[in-house]
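The values are calculated or read from the model by the stated rules, or taken from the named source; none is laboratory data. Every value quoted in this text rests on a predicted model; they were computed, and no experiment measured them. Glycine gets a Cβ as well: all are built from the backbone with ideal geometry, and neighbour counts include every protein chain shown.
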Amino acid sequence: MVLTISVLYVDDESVLCDIGKLYLEQTKEFTVTTASSARVALTRLKSNGIQAIVSDYQMPEMDGIEFLKQVRATDKHIPFILFTGEGREEIAIEAFENGADAYIQKGGDPISQFADLTHKIKVTFEHRRADVQLNVLNRLYTVLSATNKAIVRIHDKKELLNEICRIAVDSGGFKMAWVGLLNAENHLIEPIATSGYIDHYLDTISLSIDDTPTGRGPTGTAFQTRTFNVCNDIENDPTIASWRKGALERGYRSLAAFPFALDTRNAGVITFYASEPGFFNDQIIRLLNEQAEDISFAFVTFDHEELRITAENNLKKSELQYRQQFQTAPDAILILDGDTGEIIDANTFILDMIGYPRDYFVGRRLWELEFLKDKSFAKNAFEKLKTDGYIRNDDLPLEIKQGRAIRVEFISNVYFVGEKRIIQCNIRDITDRKVVQDEMLASEIRYRRLFETAQDAILILDGDTGEIIDANKFILDMLGYPLDYFVGRHLWELGFLKDKSFAKNAFEKLKTDGYIRYEDLPLETKQGNAISVEFVSNVYLVGNKRIIQCNIRNVTERKRAEDALALASRKLKLLSSITRHDIRNQLMALSGSLELSRKTVKEPEGVANINRAYKAADTILRQIEFTKEYEDLGVRSPTWQRASDIIRSASLQLAADSITFEIPEDHLEIYADPLLVKVFYNLFDNARQHGGAVTRISISDHPVGTGLTIVIADNGVGIQQEDKSHIFERGFGKNTGLGLFLSREILSITGISISETGVPGKGARFEIAVPEGTFRFAGPMKM
């Protein structure tokens with residue numbers, strides 16, 4: 001690349017500035033910046049990358065000599081040519097004494113004069129440049145030497161890289177230097193060390209290692225191409241367009257990037273910035289590349305050292321972990337010499353288990369240990385280990401020091417530590433396990449006996465596939481099929497079950513709810529006989545395996561009896577109805593006769609007798625009406641009933657808009673007589689009639705021990721203390737107390753009791769005690 005020389009032309013005559021700029025720039029070898037005074041020129045020097053100065057002598061405020069002195073105070077190397085009309089010898093001498101490179105007197109032919117000026121600028125520039133380059137090379141040799149010393153002295157990577165950057169700036173004269181390391185996860189070069197005039201420059205840039213706009217600058221390119229990359233003209237080089245503005249603002253005019261340690265875990269790039277364009281020539285690049293190679297060598301060494309330290313730490317950690325595991329292992333462990341069979345070590349567990357100290361074991365062989373009664377086993381085990389490398393005995397008898405016999409599982413294998421054969425023997429006490437196994441075996445035998453002799457037909461199914469695993473003898477006899485007819489089939493593939501959709505739906509419901517029950521399911525035996533069965537099935541776990549057990553009970557006879565009972569009940573109900581009808585008719589005749597007698601009988605005693613007869617007739621009528629309600633009690637079998645539905649139905653029958661009911665929605669079901677709804681209706685009606693101004697009735701349920709208590713409470717006047725023990729008696733109260741008496745009788749059919757526990761004046765409180773087995777919550781089953 002052909003570089004132009006940036007010249008600052010200073011003259012208080014603007015015409016001369018314009019002519020000088022025109023003459024110099026037409027050669028294409030110069031770019032000229034003009035200044036009308038020395039003070040303006042000093043400002044231009046700070047920001048325009050000036051490489052040579054041409055200055056007039058006689059100027060207002062500050063003459064050329066004074067301007068030269070101020071330039072040399074900050075820059076000893078920039079070429080300075082005094083171009084003046086003053087021809088006095090003392091001015092030229094003073095100029096040279098203060099560091100001027102040339103002195104040209106104005107006047108004469110302009111063409112030859114500017115040609116001389118052009119020549120002088122080029123000559124002085126090259127001389128100064130050669131001096132600077134020599135000085136730079138000398139400084140770079142110093143940088144290399146200092147870098148190598150730092151590599152020997154500093155063993156922390158970040159500290160070393162910061163020191164190398166500092167050396168480059170302080171000793172090498174660079175404007176700025178920085179090092180970035182690869183972040184492989186983000187594909188970025190991230191700064192880790194810097195020195196020089198930075199002014200947040202690195203905060204404004206992002207350097208990728210991919211072929212993207214942020215990866216095509218000198219630093220990214222150097223990393224990708226694995227060789228140095230130079231930009232000697234930041235102001236005009238298109239590859240640095242994305243970063244140009246920030247670089248020029250900070251006085252960076254050229255840069256060079258050198259990758260290092262590319263094949264290590266700390267691959268990176270070091271980048272140098274110079275304040276003048278064209279700074280990086282072949283000699284400088286060679287020396288800086290040599291420095292990058294030194295850094296690479298250092299980082300390879302770092303890598304090897306880190307790997308060595310990591311390996312040593314891992315080995316120590318591994319040994320420590322092994323020792324901790326050895327001493328804290330839940331198995332008794334012996335370590336043997338693989339060639340001689342002598343015991344090398346024994347862990348704490350075996351010392352505690354057997355009752356001998358460590359020195360009892362070390363140096364002995366297995367067959368020399370007293371607690372191992374079978375010496376031939378130990379000798380044969382050692383020989384087998386030498387050939388096969390592994391032995392196992394699942395039930396070996398030992399005798400501990402205290403004389404107690406134990407059973408152990410003995411597992412031994414051979415491994416190598418370096419070239420040394422080692423035998424490790426793991427000895428696990430299975431005495432308790434053997435007891436459990438024996439108990440489990442006994443339990444399995446008992447279960448099998450129960451399964452085979454059960455008076456219910458039982459099928460066992462795979463809980464995941466639905467295939468039948470087993471069937472007991474009862475179901476074989478009941479249905480007339482052999483065992484192999486069932487095993488491996490699904491319920492819906494069995495001929496005796498006509499409703500295939502029932503079987504498939506039942507299996508799906510079991511997988512979600514874990515429980516199903518059908519009270520009257522029709523089956524057909526192999527002989528073609530129709531039977532009714534109760535079908536109850538639930539899911540349980542055996543280990544991690546889901547199992548379904550189906551209990552099938554023949555209820556064909558519980559069914560015939562129910563039908564006969566129902567027929568008898570209907571006949572009795574009809575008889576009762578006819579009897580009530582006849583009695584009502586007779587009472588009507590009796591009431592009529594009494595009314596006629598009342599009109600004819602005048603004496604007081606006769607009237608009193610007639611009134612007593614009226615009252616008796618009225619009592620007989622109410623008692624006959626009560627038998628209508630009582631005749632259904634216990635006729636039908638108890639059933640599971642949803643409490644919230646029953647309570648809501650009773651409240652709607654009451655039709656009391658002035659009373660608010662608080663009803664729980666917790667899926668509670670109660671096993672009770674079908675007349676259960678009358679219990680709640682009677683309690684609600686009792687509150688309405690006798691509780692005063694009742695506006696709220698709350699119903700709630702609470703677990704008590706293994707049972708459940710249902711509480712019905714109102715906000716009325718309550719029940720007097722002296723009446724509490726009588727309210728459930730038949731005939732108590734103004735209306736004979738039949739409602740509460742009937743409620744108690746309905747509940748008692750399934751063992752449920754009722755009591756009143758309210759505080760007089762604060763409302764009635766009835767507590768229904770539901771025993772275990774007569775309530776359940778019908779939500780999804782918890783497995």
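When F272, F297 are checked against the criterion of being in the same structural domain as D199 (by TED's automatic domain parsing) and surrounded by fewer than 20 Cβ atoms within 10 Å (Cβ to Cβ), F297 stands alone in meeting it. Examine the range 136-154 for a residue that is within 30 Å of T27 (Cα to Cα), modelled with pLDDT under 85 and assigned to a helix (DSSP H, G or I), and state whether such a residue exists. Among the residues of the range 136-154, at least one is within 30 Å of T27 (Cα to Cα), modelled with pLDDT under 85 and assigned to a helix (DSSP H, G or I), which makes the answer yes. Across the range 755-778, the number of residues qualifying as assigned to a loop (DSSP other than H, G, I, E, B) and closer than 22 Å to R642 by Cα comes to 5.
If we keep just the residues of the range 246-260 that are surrounded by 22 or more Cβ atoms within 10 Å (Cβ to Cβ) and part of a loop (DSSP other than H, G, I, E, B), which is nearest to the chain's Cα centre (by Cα)? Selected residue: Y252. When the range 215-227 is filtered for residues that are outside any loop (DSSP other than H, G, I, E, B), without any contact (Cβ under 8 Å) to a residue 40 or more places away in the chain and crowded, with 17+ Cβ neighbours inside 10 Å, the ones remaining, listed by number, are G215, G220, T221. Among the conditions (1) farther than 27 Å from F775 by Cα; (2) not in a helix (DSSP H, G or I), Q689 misses just one, which is (2). For the range 618-649, the set of residues classified as at pLDDT below 60 and among the aliphatic types (A, V, I, L, M) consists of L633 only.
Every condition in (1) modelled with pLDDT of 85 or more; (2) in contact with a helix residue (DSSP H, G or I) (Cβ under 9 Å, 6 or more places away or on another chain); (3) under 30 Å from A405 (Cα atoms); (4) not hydroxyl-bearing (S, T, Y) holds for I295 except the one numbered (3). Given the options R153, R139, R166, name the one that is loosely packed, with under 12 Cβ neighbours inside 10 Å, under 30 Å from F223 (Cα atoms) and basic (K, R). Selected residue: R153, the only one of R153, R139, R166 that is loosely packed, with under 12 Cβ neighbours inside 10 Å, under 30 Å from F223 (Cα atoms) and basic (K, R).
Among the residues making up the range 261-283, those that are under 45 Å from the mean Cα position of the chain (by Cα) and farther than 21 Å from Y141 by Cβ are A261, L262, D263, T264, R265, N266, A267, G268, V269. Set side by side, the residues G49, G85, G107 differ, and just one is within 17 Å of Y9 (Cβ to Cβ) and either within 60 Å of the chain's Cα centre (by Cα) or free of Cβ contacts under 8 Å to residues at least 24 places away in the same chain (or both), which is G49. Residue pairs whose Cβ atoms lie under 8 Å apart, separated by 6 or more positions or on different chains, with the first residue in the range 759-771 and more than 20 Å from I746 (Cα to Cα) and the second part of a strand (DSSP E or B) and not hydrophobic (A, V, I, L, M, F, W, C), are V759/R765; G763/D714; A764/D714; A764/E756.
Might you let me know whether the range 178-197 holds any residue that is part of a loop (DSSP other than H, G, I, E, B) and either buried (at least 16 other Cβ atoms within 10 Å of the Cβ) or at pLDDT below 85 (or both)? Within the range 178-197, none of the residues are part of a loop (DSSP other than H, G, I, E, B) and either buried (at least 16 other Cβ atoms within 10 Å of the Cβ) or at pLDDT below 85 (or both).
Of all residues in the range 449-508, those being part of a loop (DSSP other than H, G, I, E, B) and at negative phi number 19.
Within the range 496-516, the set of residues being closer than 18 Å to I460 by Cα and in contact with an Asp or Glu (Cβ under 8 Å, 6 or more places away or on another chain) comprises just one member, F496. The single residue among I727, I749, I719, I712 that is of a type outside the set (G, A, S), farther than 19 Å from I663 by Cα, in contact with a helix residue (DSSP H, G or I) (Cβ under 6 Å, 6 or more places away or on another chain) and in the same structural domain as Q653 (by TED's automatic domain parsing) turns out to be I727.
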